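Just below is one structure, and these are the notes that go with it.
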Amino acid sequence: MSPRELRALCLSFGAAVEDFPFGPETSVFKVLGKLFALTALDARPLKVNLKCDPDDAVRLRAQHPGLIVPGWHMNKRHWNTVTVDGPLPARLVRELVEDSYDLVVAGLPRADRLRLDRP
């Protein structure tokens with residue numbers, strides 16, 4: 001997956017926006033003000049921090065050692081850092097980004113979830 005594809009994927013979700021609170025080199029993707037993906041789109045290899053269910057996080061790290069690791073500068077229990085421009089299937093990367101978005105949306109107030117059509 002290329003940086004352009006990752007950015008487009010992150011922005012394809014309802015109410016998703018790109019922000020730069022840590023400087024112009026770090027893209028932070030948010031839904032209604034809540035972070036669901038963080039990346040340096042010009043970094044090589046291209047990596048993204050994604051929220052993850054704690055049990056799934058451990059399983060994914062075991063299945064994909066070196067490609068999915070505990071979240072860099074994030075809560076290691078709830079976040080993974082995923083190398084997206086390597087041998088991981090693009091379909092898996094897309095699913096992980098969507099899962100991160102869904103986990104963040106699940107923590108929003110019910111009215112916001114309904115507005116996003118994700119009850």
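Bear in mind that the values in this text are calculations on the coordinates, not laboratory data. The model shown is predicted, which means the values in this text are computed figures rather than measured ones. We place every Cβ from the backbone using ideal geometry, glycine too, and count neighbours over all the protein chains shown.
Structure summary
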| read-out | value |
| --- | --- |
| Positions within the stretch 99-119 being surrounded by 10 or more Cβ atoms within 10 Å (Cβ to Cβ), aliphatic (A, V, I, L, M), out of contact with any Leu (no Cβ under 8 Å at 6 or more places or on another chain) and more than 16 Å from W79 (Cα to Cα), in sequence order | L114 |
| Filter result (over 18 Å from L9 (Cα atoms) and either surrounded by fewer than 18 Cβ atoms within 10 Å (Cβ to Cβ) or of a type in the set (S, T, N, Q) (or both)) within the stretch 75-93 | N75, K76, R77, H78, P87 |
| Hits in the stretch 28-49 - residues which are farther than 23 Å from R115 by Cβ, part of a strand (DSSP E or B) and in contact with a Gly (Cβ under 8 Å, 6 or more places away or on another chain) | N49 |
| Filtered residues of the stretch 13-27 (kept if surrounded by fewer than 18 Cβ atoms within 10 Å (Cβ to Cβ) and either in a helix (DSSP H, G or I) or touching an Asp or Glu at 6+ places or on another chain (Cβ under 9 Å) (or both)) | G14, A15, E25 |
| Cross-chain or 6+ apart pairs with Cβ under 7 Å, the stretch 51-74 first and on the phi < 0 side of the Ramachandran plot and buried (at least 17 other Cβ atoms within 10 Å of the Cβ), then part of a helix (DSSP H, G or I) and acidic (D, E) | C52/D99 |
